[in-house]
Amino acid sequence: MKRIFLSGFMLMCSLVSYGQNTISMDAKGSDQKISRHIYGHFAEHLGRSIYGGFYVGEDNTTIPHTNGVRNDVIAALKKLKIANLRWPGGCFADTYQWKDGIGPKSERPTIVNTWWGNVTEDNSFGTHDFLNMCEELGTEPYLAANIGSGTVQDVMDWVQYVNFEGESPMSKLRRENGREKPWNVKFWGVGNEAWGCGGNMQPDYYADEYRKYATFMAGWTNEGGLYRIASGANSADYNWTETLMKNIPSSMVSGVALHHYSVIDWSAKGPATGFSEQQYFTTMQRALFMDELITKHSAIMDKYDPEKKIALVVDEWGGWYEVEPGTNPGFLYQQNTMRDAMIAGATLNIFHKHSDRVRMANLAQTVNVLQAVILTEEEKMLLTPTYHVMEMYNVHQDATLLPMTVKSNDYVMGNEKLPAISASASRDANGLTHVSLVNIDAKQKQEVTINIEGGNYKTVSGRILSSKNVGDFNTFESPNKITPQAFKGAKLKGNNLTVTLPPFSVVVLEMK
């Protein structure tokens, strides 16, 4: 009898434990906007990202394209509403000589990509190709300038070539190459990972290099000025951020970068598919660490920039695993599972929360590399779970943040635990409220109660991304195995919204 009583008591405790997810949402809003530029992407000359991913060549007769860029990729990215696209790297940026990628394609010299597989590229995809593609996509280009192996003159010439409308040597060269009007590129990275592949610099040295390059870039622009982004910290290197903020005048910098990947262990990254629950848990632990990183880097920035004029730009983030078996290790090609959907949803919620300081970010990477939103194989293309999360979430772009306080159950693994629930909310220009919810728990559904303050909603609808197993993914044979579906698990009653989230699921609600 005692054993039955204890079992019943433990069951009741368990049920209570999984019923305590509560969220308070201030529907009156805030003065904080979620910048659309948080939804940026990254296209490096790496593996099959550019060649075979975006670009199949102007002479290709089997894959529909516009000036060599795949039409199916263009259509998918338009629907995704990508706000900006970073190019040409990454590590590749600090070896890239931009003048080798302009002019007649038959006359362009080749380059050996020493960072990623030692492959020889023919430079057929260069500045015109990228910037014209961005125009087709309706996205803003984000150029990463070479300060590692390049010169101040090289960077100055590039800015002049793409931005200057008047008479100058570079604008004349641009016109000779077929482009009359400048593209007026706003976003510029001044080097990449200067602490590593960008030159293995010390922060004091890089700060001085940044000041030098930024000085000579400034003159060649049309309107609005350049948005110059300093090569920022590697994950928890807070000294790097401190040094840059201390040594670079705020008038010379618009953003400071941060790179952080959700990696189990750099020496043993684990597989992209067929992973254990422990590996999943550790990956999510690394992903959620983004919140602490942003909090601490922002606190340093606040000391020197209390008005938050300088953005924290997380221009590389995402999951990183071992490459798919049988593929080139230097190409970083990996599958994309529901685990990656969890990373995307939870990370975007973190960015929304910190959108007063985080005003730009770039998922790594767009096509065929790391946490890609698109995978291609010859004429075939598929959209990954990460794509679907970012498409569901794009309703938050340029919307007003609705503050939330989240009290979550724990997702427990051994002696460690993580909050199971992640959430964010916003109100768009049409007055619609959107709530994004993520349940990272691999086994337990979660009941969530949202207490709404200051709202008067009548209806709720939504979509969900979920699957049978957290390791599920789309394939070229079954490209629609995981797609968003209509969600019926939300009930609105007065100022209370109750939601039932299946294990490892992402939900976006719309309230009117």
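Please treat every number below as a calculation from the coordinates, not as lab data. It should be emphasised that the depicted structure is a prediction, and the values quoted were computed from it without experimental measurement. A quick note on method: Cβ atoms are made from the backbone with ideal geometry, for glycine too, and the neighbour counts reach across all protein chains shown.
In degrees from 0 to 90, rounded to the nearest 10, what is the angle of the helix 152-163 Cα long axis to the longest principal axis of the chain? Orientation of helix 152-163: about 80 degrees from the principal axis.
Using 1/(1 + (r/R0)^6) with R0 = 25 angstrom and r between the beta carbons of Ala75 and Glu477, what's the FRET efficiency to the nearest 0.05? That gives a FRET efficiency of 0.75.
Shape analysis of segment 223-311 places it in the prolate category; the axes a ≥ b ≥ c from the Cα gyration tensor give an a/c of at least 1.5, with a/b above b/c. Where both bridge residues fall in the chain, DSSP classifies roughly 60% of the beta bridges as antiparallel. Fully extending the segment from Glu379 to Lys443 would add 19.3 nm, taking 0.36 nm per residue of separation and subtracting the current Cα-Cα distance.
Just add up the charged neighbours of Gln285: K/R +1, D/E -1, any other residue whose Cβ is under 14 Å from the Cβ of Gln285. Taking every other residue near Gln285 into account, the sum is -4. For segment 417-512, a crude dipole built from +1 on the beta carbon of Lys and Arg and -1 on the beta carbon of Asp and Glu, taken about the Cα centre, is about 260 debye to the nearest 20. Once the Cα atoms of helix 203-217 and of the chain are each reduced to a long axis, what angle between those two axes, in degrees from 0 to 90 to the nearest 10, is obtained? Result, in degrees: 60. Backbone N atoms of segment 283-301 closer than 15 Å to the 7 Å Cα→Cβ label point of Gln32 belong to residues 291-299. Its relative contact order, with pairs defined as Cα atoms under 8 Å and 6+ residues apart, puts segment 99-146 at 29 percent. If the chain linking Asn118 and Phe216 were pulled fully straight, counting 0.36 nm for each residue of separation and taking away their Cα-Cα distance, it would gain 32.0 nm. Assuming charge only on the beta carbon of Lys and Arg (+1) and of Asp and Glu (-1), the dipole of the chain about its Cα centre is about 2000 debye to the nearest 20.
Relative contact order of the chain, taken over Cα pairs closer than 8 Å and 6 or more residues apart, is 19 percent. Computed from the Cβ-Cβ distance with R0 of 60 Å, the FRET efficiency linking Lys512 to Gln153 stands at 0.60. Once you treat every alpha carbon in segment 34-398 as an equal point and sum by Debye, what is log10 I(q)/I(0) at q = 0.11 Å⁻¹? Reported log10 I(q)/I(0), two decimals: -0.71. Please say if segment 97-141 is rounded, prolate or oblate, where rounded means a/c under 1.5 for a ≥ b ≥ c the square roots of the C-alpha gyration tensor eigenvalues, and otherwise the choice is prolate for a/b larger than b/c and oblate otherwise? Here segment 97-141 falls in the oblate category. By the rule of a C-alpha distance below 28 Å, with chain neighbours fewer than 8 residues away ignored, the lysines paired with Lys99 are Lys172, Lys181, Lys186, Lys212. Think of the chain as a dipole: +1 on every Lys or Arg Cβ, -1 on every Asp or Glu Cβ, centred on the Cα centre; then among Met381, Thr95, Ala194, Met381 lies furthest on the positive end.
Between helix 338-353 and the chain there is an angle of about 80 degrees, using the helix long axis and the longest principal axis of the Cα atoms.
Projecting the Cα positions of Ser168, Asn132, Leu312 onto the charge dipole of segment 34-398 (unit charges on Cβ atoms of Lys, Arg, Asp and Glu, taken about the Cα centre) puts Leu312 furthest along the positive direction.
For segment 334-443, what class follows from the C-alpha gyration tensor (a ≥ b ≥ c being the square roots of its eigenvalues): rounded when a/c is under 1.5, otherwise prolate if a/b is larger than b/c, else oblate? It is oblate, given that a/c is not under 1.5 and a/b is not larger than b/c. Along the axis of the charge dipole computed for the chain (Cβ charges of +1 for Lys and Arg, -1 for Asp and Glu, origin at the Cα centre), the listed residues Gly431, Val323, Tyr261 are led at the positive end by Gly431. Note on segment 412-473 and segment 104-147: Cα centroid distance 39 Å, given to the nearest whole angstrom. Provide the net charge surrounding Arg108, with neighbours chosen by a C-beta distance below 13 Å and charges set as Lys +1, Arg +1, Asp -1, Glu -1. Here the charged neighbours net out to -3.
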